[in-house]
Amino acid sequence: VSLQTRLLRVLQAREVLRVGATEPTPVNVRVIAATHRALRDQVDKGQFRLDLYFRLNILRLDVPPLRARLQDIVPIAQALQGKICQRLGMDQRTTSGLLDALIDLAQGYDWPGNVRELENLIERVMAYGGAQVAWQAMSPAQWRELVASVAPELAERGVRALPSMSPVPPNSLRLEGMGASPATLSAQRKQMQAQAERVEIMKVLADCDGDRALASEKLGISRTTLWRKLKDIT
């Protein structure tokens with residue numbers, strides 16, 4: 001709390017006193033702050049100053065957890081992948097299969113660690129496989145095997161985390177057969193995409209307490225389309 005008092009004084013007076021200085025130095029700064037805590041609750045508990053809260057809370061942006069915006073996983077993962085590749089001195093183009101494997105395995109996963117967990121997973125896969133495999137030679141099935149071996153929580157807690165869905169056999173989460181024909185691989189991918197869509201529909205419907213009108217709005221489809229898809233599921 002003492003540090004909060006000092007920060008408030010800086011924001012109010014717009015000046016700082018450097019170590020060893022006798023005269024304050026004017027500053028003109030804008031503060032961008034982020035927190036995962038409910039600050040009003042922290043104020044009520046006496047752990048955060050109310051005056052500092054109002055000083056900082058000028059333009060507020062509420063960022064929902066990653067599980068509530070699964071459509072953002074791909075662009076976020078792409079950005080993280082590029083950053084990690086640069087840090088590890090790797091060519092991002094040679095690891096393009098990572099995102100497909102990640103999305104295939106992570107359908108329904110609730111990402112309790114949010115973006116930090118996603119970044120950690122990508123770095124773990126690269127660190128684990130970087131010294132062992134030729135990235136460009138890996139098939140989609142090999143990518144999924146690698147991701148699943150490094151992060152088994154995706155396969156274990158992903159699709160199965162939804163009580164309204166029956167467990168999905170592990171083999172259905174990956175493409176089988178290194179020598180499978182393109183037609184077979186395409187059919188298997190479509191099957192996985194359909195399974196992912198069913199998972200998303202049931203999750204949104206559960207979040208909406210069975211309200212189909214609200215669920216269809218969140219899914220961005222008409223109620224008729226939702227009714228038809230639910231009929232196919234059952």
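Below, the figures for the structure above:
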| read-out | value |
| --- | --- |
| Residues whose placed amide H lies under 5 Å from that of ARG49, excluding near-sequence neighbours | none |
| Under 5 Å, built H, 5+ apart or other chain: amide partners of VAL16 | THR25, VAL27 |
| Whichever aspartates and glutamates have a C-alpha closer than 19 Å to that of LYS83, once near sequence neighbours (fewer than 8 apart) are set aside | ASP72, ASP91, ASP100, GLU117, GLU119, GLU123 |
| Neighbour net charge for ASP232 - beta-carbon separation under 11 angstrom, K R +1, D E -1 | +3 |
| Ranked by how many other beta carbons lie within 10 Å on average, peptides 24-35, 78-89 from highest | 78-89, 24-35 |
| Rounded FRET efficiency, nearest 0.05, which uses the C-beta distance separating ARG223 from SER149 and R0 of 30 Å | 0.10 |
| Karplus (6.51, -1.76, 1.60) ³J(HN,Hα), θ = phi - 60°, over region 210-223, in Hz, Gly and Pro reported as x | x, 6, 5, 5, 5, 4, 5, 5, 5, 7, x, 10, 6, 5 |
| Gain upon complete extension [ALA21, GLN47; 0.36 nm per residue less C-alpha separation] | 6.3 nm |
| Karplus-derived 3J(HN,Hα), 6.51/-1.76/1.60, for each residue of region 43-51, Hz, glycine and proline x | 5, 4, 8, x, 9, 9, 6, 5, 5 |
| FRET E, pair GLN86, ASN114, Förster distance 25 Å, beta-carbon r, rounded to 0.05 | 0.70 |
| Sum of side-chain charges, ALA77 neighbourhood, beta-carbon under 12 Å (Lys, Arg +1; Asp, Glu -1) | -4 |
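Read-outs throughout are calculated quantities, based only on the coordinates presented, and are distinct from any laboratory measurement. Remember, it's a predicted structure, so these values are computed and weren't measured experimentally. Backbone-built Cβ (ideal geometry, glycine too); neighbour counts: all protein chains shown.
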